[in-house]
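In what follows, a single structure is set out as structure tokens and then discussed.
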Amino acid sequence: MVAQQVTVVFDVGKSNKKLLLFDENFHVLEIKEERLPEIKDDEGFPCEDLILLTSWIKDHFEKLCQRKDVQVKAINFSGYGASLVHLDKSGKPVGQLENYLKPFPDDLAEKFIGQYGPVNRLTVASASPWLGNLNSGLLLYRIKHQRPELFQNIVTSLHLPQYLSWILTGEVWNDLTGMGCHTMMWDFGRGALLDWVRQENLDRLLPPFFQQNHFYSFRGAGGGVKIGTGIHDSSAALIPYVSTLQDPFVLISTGTWSISLNPFNHAPLLPVELEQDCLCYLAPDGRQVKASRLLLGPEFEKAIGGLALKYHCTVDSLLKISFVPEWRRILNPGTREFDLHQLTFDLAARQKKSTLLILGEGNVRRIYVDGGFSKNEMFMQMLSSLFDGYEVYAAELPQASAVGAAIQIRRSSEKSLPMLSEFTFRKYANF
């Protein structure tokens, strides 16, 4: 049997953990998906089971090394941001992988702002709204001031994707995509740590940055293996689009959050944009990606569930209702068909308002939508009609963040990569 060469990606989401094997053309050969049960931290708040997650990575890696049907050529990691794993002086994890949804104490927020505020100066410099523990720098600040016994044992703090790489390599590095993920530690104007990080002596916990396309060499799994340093999942999901598309574009990544990403808008964030939930990410090469957020998924689910109750029908039956371009004129108000059209139009209008915040004054004329809403025909038709003068596409690339991580590690040694044949687009016409 001739072993097939594969690229492996561990894609660690907050809910689902995935192991994916890609062939040389980025086709998914295998996918294993699991939901690992959470535990509670020392204060009783749900959090990731770091021991279980670590074992999950190691066990799957060992099984891959033993297989005769595949030859692992490269491994990379995609993981959710705003989460830190801490290592002690012996290089072992200490403390817990805390949940970024855990509330940030009001009294500590007042103390921090009193020391390093005002808030608007911090948010503009760090290109992020104030998000509490979702700003991973504030998580470190909280540990230092509320849990000094734990803080004294921390020698290194890694964002989750880099910790995943550490599990197999034992090497510690920092990463721009993690540091640029609303940490409130990074000065987007200067391209350096903010002053408050150094004043709190937190910079000593952060390892050095690796160069773009850095990887580790490892002997095993039937030959030489390249192991990547990990990447923030939102930044990873953008890589296939940037690699494939020639013209400037905006990507609307939909799901629970609807996040509009514009890698072609390099203008600094304005206070008025921050107030409307805009922020910036960093691409692997350090370029700014301007983004806006909208919590659209849960709102749609709640609203369509309400319509199903009102009309004594199922949600599935509502989703099968066909789009009618002249719905305001033809459909009768107070019917489920009209109400569904009105609901969808309202959500599409909110999406347009959010996306316009980051369009900027550039030459972007194409908008791509992926995720759950890209499969909603009525939503896509409504959105296309509202974005007059733009081309709106539904994009489909299964496992985009994992594909992005695979592209990143393959780029480290290959001059050219194959086109993504599984990447499909559907254009929607204005009406």
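Can you find a residue in segment 109-125 that is within 22 Å of Arg198 (Cβ to Cβ), in the same structural domain as Glu200 (by TED's automatic domain parsing) and touching a strand residue (DSSP E or B) at 6+ places or on another chain (Cβ under 7 Å)? Yes, the conditions are met somewhere in segment 109-125. Scanning segment 348-362 for residues that are closer than 26 Å to Pro271 by Cβ and either surrounded by fewer than 14 Cβ atoms within 10 Å (Cβ to Cβ) or out of contact with any strand residue (DSSP E or B) (no Cβ under 7 Å at 6 or more places or on another chain) (or both) returns Ala349, Lys352, Lys353, Leu356, Glu361, Gly362.
Only residues that are under 22 Å from the mean Cα position of the chain (by Cα), over 8 Å from Val250 (Cα atoms) and either touching a residue at least 12 places away in the same chain (Cβ under 8 Å) or not assigned by TED's automatic domain parsing to the domain that holds Ile252 (or both) were counted across segment 349-359, and they come to 7.
Being more than 18 Å from Gly13 (Cβ to Cβ) and surrounded by fewer than 18 Cβ atoms within 10 Å (Cβ to Cβ) is the filter here; which residues of segment 391-418 pass it? First the steps, then the outcome.
Residues of segment 391-418 that are more than 18 Å from Gly13 (Cβ to Cβ), as a first pass: 391-396, 407, 409-418.
Listed by number, the residues that qualify are Glu391, Glu396, Ser412, Ser413, Glu414, Lys415, Ser416, Leu417, Pro418.
Just to check your reading of the model, which residue among Lys68, Lys102 is assigned by TED's automatic domain parsing to the domain that holds Glu48, touching a residue at least 40 places away in the same chain (Cβ under 8 Å), within 30 Å of Leu238 (Cα to Cα) and of a type in the set (D, E, K, R)?
When all the criteria are applied, what remains is Lys102.
Candidates in segment 282-313 are the residues that are modelled with pLDDT of 95 or more and surrounded by fewer than 12 Cβ atoms within 10 Å (Cβ to Cβ); of these, the one that is farthest from Arg350 (Cα to Cα) is His312.
If you take the residues of segment 148-183 that are more than 30 Å from Lys226 (Cα to Cα) and without any contact (Cβ under 8 Å) to a residue 40 or more places away in the chain, which of them is surrounded by the most Cβ atoms within 10 Å (Cβ to Cβ)? Looking at residues that are more than 30 Å from Lys226 (Cα to Cα) and without any contact (Cβ under 8 Å) to a residue 40 or more places away in the chain, I get Phe151. Gly189 falls short on exactly one of the conditions (1) surrounded by fewer than 19 Cβ atoms within 10 Å (Cβ to Cβ); (2) modelled with pLDDT of 95 or more; (3) more than 22 Å from Leu50 (Cβ to Cβ); (4) of a type outside the set (Asp, Glu), and that condition is (2). Might you let me know whether segment 78-90 holds any residue that is acidic (Asp, Glu), touching a residue at least 24 places away in the same chain (Cβ under 8 Å), surrounded by 17 or more Cβ atoms within 10 Å (Cβ to Cβ) and farther than 17 Å from Leu193 by Cα? Taking every residue of segment 78-90 in turn, none turns out to be acidic (Asp, Glu), touching a residue at least 24 places away in the same chain (Cβ under 8 Å), surrounded by 17 or more Cβ atoms within 10 Å (Cβ to Cβ) and farther than 17 Å from Leu193 by Cα.
Elements of the type strands (runs of 3 or more DSSP E) sitting completely within segment 135-245 and holding at least 2 residues that are of a type in the set (S, T, N, Q): these cover 156-159. Restricting Asp69, Asp41, Asp59 to those that are farther than 19 Å from Asp175 by Cβ and surrounded by 14 or more Cβ atoms within 10 Å (Cβ to Cβ) reduces the list to Asp41.
Report those strands (runs of 3 or more DSSP E) wholly inside segment 1-108 carrying at least 1 residues which are more than 22 Å from Gly178 (Cβ to Cβ).
Details: elements: 4-12, 17-22, 28-34, 70-79, 84-87.
Answer list for segment 1-108: 4-12, 17-22, 28-34, 70-79.
Looking only at residues of segment 277-325 that are among the basic types (Lys, Arg) and not in a loop (DSSP other than H, G, I, E, B), we find that the one that is farthest from Met185 (Cα to Cα) is Lys310. Scanning segment 332-389 for residues that are in a helix (DSSP H, G or I) and among the charged types (D, E, K, R) yields a total of 9. Being of a type outside the set (Ser, Thr, Tyr), assigned to a loop (DSSP other than H, G, I, E, B), in contact (Cβ under 8 Å) with a residue 24 or more places away in the chain and within 23 Å of Ala283 (Cβ to Cβ) is the filter here; which residues of segment 390-431 pass it? Within segment 390-431, Leu397, Pro398, Gln399, Leu417, Pro418, Met419, Leu420, Glu422, Phe423 meet the criteria.
Check whether at least one residue in segment 314-325 is more than 26 Å from Trp257 (Cα to Cα) and either modelled with pLDDT of 95 or more or touching a strand residue (DSSP E or B) at 6+ places or on another chain (Cβ under 7 Å) (or both), and report yes or no. Break it down stepwise before answering.
So in segment 314-325, the residues more than 26 Å from Trp257 (Cα to Cα) come out as 324-325.
Remaining after also requiring either modelled with pLDDT of 95 or more or touching a strand residue (DSSP E or B) at 6+ places or on another chain (Cβ under 7 Å) (or both): 324.
Checked segment 314-325: at least one residue is more than 26 Å from Trp257 (Cα to Cα) and either modelled with pLDDT of 95 or more or touching a strand residue (DSSP E or B) at 6+ places or on another chain (Cβ under 7 Å) (or both).
Taking the listed residues Leu251, Leu202, Leu245, the one that is touching a residue at least 12 places away in the same chain (Cβ under 8 Å), touching a Phe, Trp or Tyr at 6+ places or on another chain (Cβ under 9 Å), within 20 Å of Leu138 (Cα to Cα) and hydrophobic (A, V, I, L, M, F, W, C) is Leu202, with no other qualifying.
The values are calculated or read from the model by the stated rules, or taken from the named source; none is laboratory data. A quick note: this is a predicted structure, and the numbers were derived from the prediction, not measured. FYI the Cβ positions are ideal-geometry reconstructions off the backbone, even for glycines, and counts take in every protein chain you see.
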